[in-house]
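The values are calculated or read from the model by the stated rules, or taken from the named source; none is laboratory data. Everything quoted here is computed from the prediction, not taken from an experiment. FYI the Cβ positions are ideal-geometry reconstructions off the backbone, even for glycines, and counts take in every protein chain you see. Please note that ligands, DNA and RNA were not included when accessible areas were found on the heavy atoms of the full protein model with its side chains. Shrake-Rupley method; radii C 1.70, N 1.55, O 1.52, S 1.80 Å.
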2 protein chains.
Amino acid sequence: MVQEIDLGITCDMHVHVREGAMCELVTPKIRDGGVSVAYIMPNLQPPITTLDRVIEYKKTLQKLAPKTTFLMSFYLSKHLTPLLIHEAAKQKAIRGVKCYPAGVTTNSDAGVDPNDFSAFYPVFKAMEEENLVLNLHGEKPSVYEGDEEAIHVLNAEEAFLPALRKLHDDFPNLKIILEHCTSESAIKTIEDINRDVKNAADIRVAATLTAHHLFLTIDDWAGNPVNFCKPVAKLPNDKKALVKAAVSGKPYFFFGSDSAPHTVQNKTKYMGVCAGVYSQSFAIPYVAQVFEEQNALQNLKGFVSDFGNSFYDIKDSELASLDRAILYRTEQIVPQTISDGKETNVIPFKAGDKLDWSVRWESR
Amino acid sequence: MVQEIDLGITCDMHVHVREGAMCELVTPKIRDGGVSVAYIMPNLQPPITTLDRVIEYKKTLQKLAPKTTFLMSFYLSKHLTPLLIHEAAKQKAIRGVKCYPAGVTTNSDAGVDPNDFSAFYPVFKAMEEENLVLNLHGEKPSVYEGDEEAIHVLNAEEAFLPALRKLHDDFPNLKIILEHCTSESAIKTIEDINRDVKNAADIRVAATLTAHHLFLTIDDWAGNPVNFCKPVAKLPNDKKALVKAAVSGKPYFFFGSDSAPHTVQNKTKYMGVCAGVYSQSFAIPYVAQVFEEQNALQNLKGFVSDFGNSFYDIKDSELASLDRAILYRTEQIVPQTISDGKETNVIPFKAGDKLDWSVRWESR
């Protein structure tokens with residue numbers, strides 16, 4: 001029975017840490033959860049679309065967690081220009097740009113129309129030239145009335161896949177991530193796009209998988225707002241496809257927790273519950289649980305360290321710490337709340353459940 | 001533009017009124033919502049399985065709402081015997097028996113295994129002889145692990161349909177209702193079973209449709225616990241099929257609101273939200289809204305009065321009141337809460353929305 005695994009420089013390529021008190025609470029938890037490198041989402045209010053703000057935000061985070069490496073991003077909107085992209089790349093201020101279709105999730109009101117990305121093609125061209133990553137929230141907004149082919153939370157991701165293929169066709173060298181995949185059809189599309197890829201360095205379209213979507217299906221969020229997130233967890237066949245992809249050892253599937261903290265109050269409402277699952281505090285232990293259940297611990301390091309760092313081309317020289325994450329076997333119970341002892345409380349994923357693993361840090 | 005419709009003796013053939021303070025609050029609302037005859041669900045805690053309790057419960061309700069006609073039911077469980085069924089029928093204490101698969105909804109813990117009804121066949125035979133109705137909550141419990149054909153909240157009703165067909169095959173004269181249909185496949189099954197039926201009196205398998213399932217799809221309860229109910233509202237094509245069935249004028253589809261009140265507190269939780277939508281206070285106006293939108297007001301009386309009363313064979317002599325429900329056009333806003341002014345509050349369906357109709361009563 002494996003007791004310990006050296007996971008090296010772990011990375012979580014999809015992290016929400018918000019601002020203010022919530023940011024102060026959850027940012028240090030990135031390391032507690034076993035993650036060294038975190039790719040930070042820009043959906044603040046207002047969204048991050050300027051150099052000044054992204055630099056300022058990174059400074060704030062670095063102060064809260066000096067040993068965590070923060071990779072920053074812009075929020076795709078009409079405020080971005082090719083010039084700004086080039087300047088941000090030159091200053092190494094961002095690693096990518098996140099695209100939110102308008103209205104599909106938390107703070108996505110400033111998002112774009114996924115039916116027509118053409119207005120952003122000059123920005124994508126600049127990104128392609130600068131080797132920046134396009135992070136896609138891959139959902140079409142729900143459409144119902146009078147529409148034969150209705151779009152709803154269950155098929156919204158599948159409906160987005162043609163747009164992903166078109167972007168890849170139009171920008172074959174642009175690195176694209178379909179974030180937080182939730183469906184069997186998305187997994188198949190990513191595999192199909194990568195069918196001829198021989199080397200990890202040649203991957204242009206990858207997918208992140210969260211921890212919670214490796215556990216949840218629709219029954220888990222029906223009646224349990226704490227498990228409600230966007231994209232919603234789907235059907236059992238979808239979960240099976242996600243788990244299979246995660247443990248596969250295929251380098252175009254890697255970890256992005258999409259840990260999205262909301263206060264208890266915002267999860268405890270009879271209307272308008274905020275979408276998002278908070279998983280940062282135990283990010284790597286959750287994933288280890290799934291890999292062990294699948295007898296695939298040998299592929300865990302690829303999923304939580306190697307593949308993400310390779311896709312983003314992370315160099316040792318840019319790391320805030322060279323400490324290695326050591327996964328070790330120990331029982332722990334997920335607490336009912338993660339709190340700052342004042343007014344900010346967040347319910348962790350799988351609160352009250354037993355986990356079999358924890359992470360400590362060892363200097364290189 | 002139609003301004004008024006005489007709906008006659010309206011009936012809601014699926015009503016939850018609970019006990020205690022909630023019962024006192026919602027029982028008088030049956031008439032406020034435009035309903036004359038109410039078929040009352042037996043899923044109290046503990047469930048109603050004895051003559052004494054059902055008689056007592058009816059007395060309580062009649063006191064709270066003297067002009068409402070209450071049709072009572074037993075909860076199918078191992079406590080029921082053919083002898084009890086015959087005795088209850090003789091005393092006219094019940095009109096039917098409600099079958100809950102164990103664990104699928106509020107207070108269904110004492111329910112049965114829908115994979116094998118054979119233990120209840122003597123009870124069903126007694127019911128068939130007494131012309132009592134079998135009310136089915138038509139869902140299979142969710143099954144996931146290790147099962148190729150997983151059952152989840154979205155296909156649970158469809159998975160139940162073979163059990164419905166088998167019951168009808170085995171008891172061709174037993175009156176059966178598939179309660180609160182939510183799926184296109186259920187509608188098709190009911191239509192198929194009735195394909196050769198020429199007279200309403202020959203219908204043996206019918207379906208009730210709620211008000212809320214004529215409005216809601218999955219997107220409406222994702223993140224909105226107030227709209228979470230069992231069976232869950234499904235996809236746009238399902239809703240279309242339900243609306244089409246409701247307005248069709250086919251006598252085997254009739255109204256059963258499944259109005260299921262829960263306190264605001266029980267709807268405002270981050271885990272374990274109670275399943276159920278409260279629609280009693282505006283039951284008929286909600287339905288009228290849908291029928292008018294579908295240009296089918298001429299079929300409304302069939303759906304909310306004639307077909308249900310015919311299936312249950314309701315006689316004037318057993319009515320608590322002969323008052324006719326008059327639907328009339330008037331704008332009203334659904335209030336944010338329905339309250340007893342003390343501690344019991346329930347959120348009505350479509351709180352804050354405008355309705356175009358109301359109901360008043362006229363003596364015959």
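Scale the Cα Rg of segment A:168-316 by the rule-of-thumb value 2.2 N^0.38 Å and send over the ratio, two decimals.
Compared with the compact-globule rule of thumb, segment A:168-316 sits at 1.07.
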Of the candidates A:Ala150, A:Leu209, A:Val273, the farthest towards the positive dipole end of segment A:135-291 (Lys/Arg Cβ +1, Asp/Glu Cβ -1, centred on the Cα centre) is A:Leu209
For segment B:328-364 versus segment A:32-63, the gap between their alpha-carbon centres in whole angstrom: 48 Å
Can you tell me the mean projection area, over all orientations, of the convex hull of segment A:135-196's alpha carbons? Units nm², please. 4.6 nm²
For segment A:214-364, what is the relative contact order in percent, using Cα pairs closer than 8 Å and at least 6 residues apart in sequence? 24 percent
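Can you tell me, using C-alpha contacts under 8 Å and at least 6 residues apart, the relative contact order of chain B as a whole percent?
Working: 775 pairs, mean separation 75.9, N = 364.
Relative contact order for chain B comes out at 21 percent.
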For segment A:125-170, diffusion coefficient by Stokes-Einstein and Kirkwood Rh (Cα), 10 °C, 1.306 mPa s, µm²/s: 130 µm²/s
Rg and Dmax of segment B:218-278 over Cα atoms: what are they, in angstrom? 13.6, 41
Can you give the log10 of the normalised intensity I(q)/I(0) at q = 0.10, 0.12, 0.24 Å⁻¹, computed with Debye over equal Cα scatterers of segment A:142-240? -0.32, -0.45, -1.26
Restricting to chain B, compute how many DSSP beta bridges are antiparallel as a %, nearest 5. 35 percent
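Give me the compactness ratio for segment B:263-304, meaning the Cα radius of gyration over 2.2 N^0.38 Å. Walk me through the intermediate numbers first.
Values: Rg = 15.2 Å, N = 42, 2.2 N^0.38 = 9.1 Å.
My calculation over the Cα atoms of segment B:263-304 gives 1.67.
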Using alpha-carbon coordinates alone, the radius of gyration and Dmax of segment A:1-143 in Å work out to 16.1, 54
Take segment A:249-360, compute every pairwise Cα distance, and split them into 5 Å bins from 0; I just need the percent in each bin. 2, 10, 17, 19, 18, 14, 11, 6, 2, 0
Shortest first and in nm, the label-point separations between A:Asp313 and its counterparts in the other identical copies (7 Å out along Cα→Cβ) come to 8.1
Exam field: B:Arg165 pseudo-label spacings to other copies (7 Å along Cα-Cβ), nanometres: 3.5
Surpassing 29 Å at the alpha-carbon level, of the pairs A:Lys58/A:Lys244; B:Lys125/B:Lys188; B:Lys315/B:Lys354; B:Lys67/B:Lys342, are A:Lys58/A:Lys244; B:Lys315/B:Lys354
Please give the charge dipole size of the protein assembly as shown, origin at the Cα centre, charges +1 on K and R Cβ atoms and -1 on D and E Cβ atoms. Round to the nearest 20 debye. 1060 debye
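Could you tell me what a quarter of the Cα convex hull surface of segment B:83-192 works out to, in nm² with one decimal place? Don't skip to the answer; put the middle values down first.
On the way: hull surface 30.3 nm².
Approximately 7.6 nm², given one-decimal rounding.
When ligands, DNA and RNA are left out and all protein chains stay put, how many square angstrom of accessible area per residue does segment A:251-306 have with a 1.4 Å probe? Write out the running numbers ahead of the final one.
Numbers: 1580 Å² over 56 residues.
Solvent-accessible surface per residue comes out at 28 Å².
How much of the calculated P(r) for the protein assembly as shown lies past 47 Å, in percent of all Cα pairs? Show your work: numbers first, answer last.
Values: 74012 of 264628 pairs.
Tail fraction, whole percent: 28.
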Residues whose placed amide H lies under 5 Å from that of A:Asn345, excluding near-sequence neighbours: A:Val264
For segment A:254-320, which whole percent of the accessible surface, found with a 1.4 angstrom probe, sits on carbon and sulfur atoms? 47 percent
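For peptide A:81-91, what's the mean number of Cβ atoms from other chains within 10 Å of each residue's Cβ?
Numbers: counts 0, 0, 0, 0, 0, 0, 0, 0, 0, 0, 0.
Partner-chain Cβ atoms within 10 Å, mean over residues of A:81-91: 0.
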Inter-chain Cβ neighbour average for residues A:208-218, partner chain, 10 Å: 1
Every other copy gets compared here: list the nm distances from the B:Ile326 label point (7 Å along Cα to Cβ) to its counterparts, shortest first, one decimal. 8.5
How would you rank A:52-60, B:253-261, highest first, on the average number of other Cβ atoms within 10 Å across their residues? B:253-261, A:52-60
Kirkwood hydrodynamic radius for segment B:180-225: how many Å is it when counted over pairs of different Cα atoms? 12.4 Å
In segment B:149-186, which residues give up 30 Å² or more of accessible area once the other protein chains are added, compared with their chain alone (1.4 Å probe)? B:His152, B:Val153, B:Leu154
Could you work out the helix-only [θ] at 222 nm for chain A, with each DSSP H run of four or more residues adding -39,500 (n - 2.57) and the total divided by the number of residues, to the nearest 500 deg cm²/dmol? -8000 deg cm²/dmol
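Tell me, what % of the accessible area of segment B:120-233 is carbon and sulfur with a 1.4 angstrom probe? Before the final figure, lay out the partial values.
Working: 1800 of 4000 Å².
Roughly 45 percent, rounded to a whole number.
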With A:Pro114 itself left out, Lys, Arg at +1 and Asp, Glu at -1 over residues whose Cβ is under 9 Å from its Cβ give -2
Restricted to Cα positions, what overall size does segment B:281-347 have along the principal axes? Three whole-Å values, descending. 39, 33, 18
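In Å², rounded to the nearest 100, what is the total accessible surface buried by chains A and B against each other with a 1.4 Å probe? The partial results should precede the final answer.
On the way: alone 15250 and 15250 Å², together 27720 Å².
So the total buried area for this chain pair works out to about 2800 Å².
Rounded, prolate or oblate for chain B? Axes are the square roots of the Cα gyration tensor eigenvalues, ordered a ≥ b ≥ c, and the cut-off for rounded is a/c under 1.5.
Since a/c stays below 1.5, the shape of chain B is classed as rounded.
Which semi-axes, in whole Å and largest first, does the equivalent ellipsoid of segment B:18-97 have when worked out from the alpha carbon gyration tensor as the square roots of 5 times its eigenvalues?
Values: eigenvalues 105, 35, 19 Å².
Calculated on Cα positions only, the semi-axes equal 23, 13, 10 Å.
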